Amino acid sequence: MVLWVFGYGSLIWNPGFDFDEKVIGYIKDYKRVFDLACIDHRGTPEHPARTCTLEQSTGAKCWGAAYCVRGGPEKEKLAMEYLEGRECEYDSKTLVEFYSETDTTKPILTGVIVFTSTPDKVSNKYYLGPAPLEEMAVQIATASGPCGNNREYLFKLEKAMHDIEHEDEYVIELANEVRKHLDLTKEVKALLNPVVSPVSIKPQSQAHVSTLQRVFAS
């Protein structure tokens, strides 16, 4: 038996397991959304990161990478154990059809495993749900965890999609909003860092020239 797994997030640029083949393509009727919490990699329980999951959307295409694991049950078991530990926030595994750019009419692979999450805050404790773009950007710009910060995840996903020549407009829009927030944060920090500038006071009667220190916000 051969195992195929579809990656649409960090698995695109960092699979982390032993595989035998990687194919670029897409699955139908799903789109990326940053509606899933991450509390142990790029976030914490107190300040969760936002990572991408899939949302059903008729007519949509989600590009990514399919990985093949050959070599028998033991090798497949090791790959799945690794993936289940890494993708622990995803509470479902879905079987999908995988398409290539050269043939859009019929799938080149069937029975491909993809990690998904139930869009229900009651049954799925990791599901954050949608939020306004600016609110998500602030959360992503500020969250961090043992594996790094949240914005790095988003920027690496943006680059990975560029590298496979199938950019995701939603990812780009969110990344640009995060950059705006980071620029604003820099401006705020600059305002809090005073620049000391000497100001000379012209001499008056019975007084000597003195220099005062005036503090300006730059």
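The values are calculated or read from the model by the stated rules, or taken from the named source; none is laboratory data. Note that the coordinates shown come from a computational prediction; the quantities given were computed from them, not determined experimentally. Glycine also receives a Cβ, built like all others from the backbone with ideal geometry; neighbour counts cover every protein chain displayed. Please note that ligands, DNA and RNA were not included when accessible areas were found on the heavy atoms of the full protein model with its side chains. Shrake-Rupley method; radii C 1.70, N 1.55, O 1.52, S 1.80 Å.
Using heavy atoms of the protein chains and a probe of 1.4 Å, the accessible area assigned to H181 is about 40 Å². Distance between the pseudo-spin-label points of T58 and E165 (7 Å out from Cα toward the beta carbon): 3.2 nm. Remark: spin-label model distance T105-K77 equals 4.3 nm, labels positioned 7 Å along the Cα→Cβ axis. When you restrict to C-alpha pairs under 8 Å that are six or more residues apart and normalise by the size of the chain, the relative contact order lands at 21 percent.
Solvent exposure of region 3-191, expressed per residue, is 51 Å² of accessible area, with all protein chains present and a 1.4 angstrom probe.
One equal scatterer on each Cα of the chain, no solvent, Debye formula: the resulting log10 I(q)/I(0) at q = 0.11 Å⁻¹ is -0.60.
Between K121 and D20, how high is the FRET efficiency from 1/(1 + (r/R0)^6) when r is the Cβ-Cβ distance and R₀ = 30 Å? Nearest 0.05.
Working: r = 38 Å, r/R0 = 1.28.
Taking R0 as 30 Å, the efficiency between K121 and D20 is 0.20.
Using amide H atoms built 1.01 Å from N in the peptide plane, name the residues 5+ places from L109, or on other chains, whose amide H lies under 5 Å from its own. It is F98, by chain and number.
3J(HN,Hα) along region 28-38: 9, 6, 9, 9, 6, 9, 9, 10, 10, 7, 10 Hz, from the Karplus curve 6.51 cos²θ - 1.76 cosθ + 1.60 with θ = phi - 60°, whole Hz, x for Gly and Pro. Taking the accessible area of the chain, probe 1.4 Å, and keeping the other protein chains in place, the carbon and sulfur fraction comes to 53%. With N counted as the residues of region 109-157, its alpha-carbon radius of gyration over 2.2 N^0.38 Å works out to 1.45.
Would you mind checking K22/K61; K28/K159; K28/K125; K93/K180; K61/K159 for any pair whose Cα atoms are more than 24 angstrom apart? Over 24 Å apart, Cα to Cα: K28/K125; K93/K180.
Around the amide H of S57, modelled in the peptide plane, lie the amide H atoms of Y30, K31, all under 5 Å away and 5 or more residues distant in sequence or on another chain.
Taking 0.36 nm per residue of separation and subtracting the Cα-Cα distance, what length does fully extending S92 through L133 add?
Answer, rounded to one decimal: 12.2 nm.
Here the Karplus relation 6.51 cos²θ - 1.76 cosθ + 1.60, evaluated at θ = phi - 60°, turns the backbone of region 169-183 into coupling constants of 4, 5, 5, 4, 4, 5, 4, 5, 5, 5, 4, 4, 5, 5, 5 Hz, with x for every Gly and Pro. Across region 57-74, rounded Karplus estimates of 3J(HN,Hα) from the backbone phi angles (6.51 cos²θ - 1.76 cosθ + 1.60, θ = phi - 60°) give 8, 4, x, 7, 10, 10, 7, x, 10, 9, 10, 10, 10, 10, x, x, x, 5 Hz, Gly and Pro being marked x.
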